[in-house]
1. Scan the range 151-167 and tell me whether some residue there is out of contact with any Ser or Thr (no Cβ under 7 Å at 6 or more places or on another chain), part of a helix (DSSP H, G or I), of a type in the set (A, V, I, L, M, F, W, C) and modelled with pLDDT of 80 or more.
2. For the range 398-412, name all the residues that are crowded, with 16+ Cβ neighbours inside 10 Å and over 18 Å from Ala361 (Cβ atoms).
3. Residue under question is Gly395, and the condition is that it be in the same structural domain as Tyr333 (by TED's automatic domain parsing) and buried (at least 18 other Cβ atoms within 10 Å of the Cβ); does it hold?
4. Answer with yes or no whether Ile357 is hydrophobic (A, V, I, L, M, F, W, C) and surrounded by fewer than 21 Cβ atoms within 10 Å (Cβ to Cβ).
5. Search the range 264-283 for residues being closer than 30 Å to Thr349 by Cα and surrounded by 13 or more Cβ atoms within 10 Å (Cβ to Cβ), and hand back the single one that is modelled with the highest pLDDT.
6. Among the residues that make up the range 303-325, is at least one of them within 22 Å of the chain's Cα centre (by Cα), closer than 30 Å to Ala210 by Cα and surrounded by 18 or more Cβ atoms within 10 Å (Cβ to Cβ)?
7. If a residue has to be of a type outside the set (Asp, Glu) and farther than 19 Å from Thr341 by Cα to count, how many in the range 380-401 make the cut?
Amino acid sequence: MRRRITHDLGELATGAAIGLAGPVLLYLTVLSLPASLAAGLGILLFIGVTWLTRRLADLQRRRATMVLGVRVESSYAPLPKGLLARTRTLISDPATWRDLAWLLCQFVVGIGCVPLALGLWLAAAECLSAPLLNALLPAHMTFDPAVLEITGRSGPLPWLIVPVGAGLVVVAYRLPEYLIAGQAQLASVLLAPAATARLSAWAVRLAAQADRLTASRDAALDASAAELRRVERDLHDGAQARLVALTMSLGMAEDVIKADPAAAEALLAEAKANAGAALSELRDLARGIHPPVLADRGLADAVQALALSSSIPIELDLSLDRRLALPLEATAYFVIAESLTNAIKHSGTRRIQVAIIDNGAALRITVRDDGHGGADPSQGTGLRGIQHRLSAFDGTLRISSPPDGPTVLDMELPCGS
């Protein structure tokens, strides 16, 4: 309690000290303008006063940010080179005059808050100690404490005012918090960017977001095109070649089935083997496009199937109690599969840990291995592919991979509530 009282009174005293500079700086500003017009002597004074005013305003912005929990931005125009150009910019900048208006308001509010806060504590102390003061102070004193002047020196009134003192203690304890918040709100109104500046900043943020979405869309299109090329290549080099060999074997068997039944039987056996291999490759290809276990049983079971098929131990920590949209589940599955493949092929790991946490708004995926570290997205396509898949859903990837490991991939995929 004592620490909070000291902190609050210190904050109010700081606000009062900042406010005390208001009349001085305003006077110097007013003094510098005619001096500048007359002989240019006040230009340096004006620039110096404005610089000091802005430093005080920045200090109050930081204090207001800590109180309100919302950053109070500045909106000062960029200052050009050259004394006269800088002076013209300062004079034409509305933020310069809003700073001075804030200083005057801070002077009134800051100076008024300190005696109010201290006066409440003094009044509370007098009310609580009224019976004691009545007993200890001589009756013929020419000056009584204010509380004794109000209640008189006799009767029960000094005792009846003790509960009033207790109430004043509560008010004196709580009021500074609101006074500090009020000064912070004053700063947020007068020192924050004007509506036009806020609109401009919002437009800049919107443009940046549009650029990010464009980049994400391009990355998704690139990833989709690469996936189509992979499917085409796998079909051409795998299943298609098997089926061509199967057709040739069946044709040759048809030609020799009567003349050489044994050779035809061998050719049919070869055709059967090619058919089985082609079917297996098609299944693998379909599993790579969208694993059946993912569609049938969800992300958790699909990741468990990945772990069971791994050549090294994989520890799972899955906090996922619902089905997500199929595109999200597919993205999560493939980034985990790619992360495991990278770790097994490149890191020399002996153990991998996979954690999936669904917090409602986002799916957080962590893949950790105890390999030799040094993972770098610029050195290979695996990590870049993960980034591209995540960026299609505005997801993020953070990589920690110091030399000698461990490597930790921390991925976040927005999924709604």
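1. yes
2. Ser401, Gly405, Pro406, Thr407, Val408, Leu409
3. yes
4. yes
5. Ranking the qualifying residues of the range 264-283, first place goes to Ser280.
6. Checked the range 303-325: no residue is within 22 Å of the chain's Cα centre (by Cα), closer than 30 Å to Ala210 by Cα and surrounded by 18 or more Cβ atoms within 10 Å (Cβ to Cβ).
7. The number of residues fulfilling the criteria is 5.
So that you can scan it fast, the table gives a plain yes or no per residue for (1) closer than 19 Å to Pro414 by Cα; (2) under 25 Å from the mean Cα position of the chain (by Cα):
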site: Leu340; (1), (2): no, no
site: Ile344; (1), (2): no, no
site: Gln353; (1), (2): no, no
site: Asp358; (1), (2): yes, yes
site: Arg364; (1), (2): yes, yes
site: Gly373; (1), (2): no, no
site: Pro377; (1), (2): no, yes
site: Gln387; (1), (2): yes, yes
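The values are calculated or read from the model by the stated rules, or taken from the named source; none is laboratory data. Note that the structure is predicted; figures quoted are calculated from it, not measured. With ideal geometry, Cβ positions are generated from the backbone for all residues, glycine too; neighbour counts draw on all protein chains shown.
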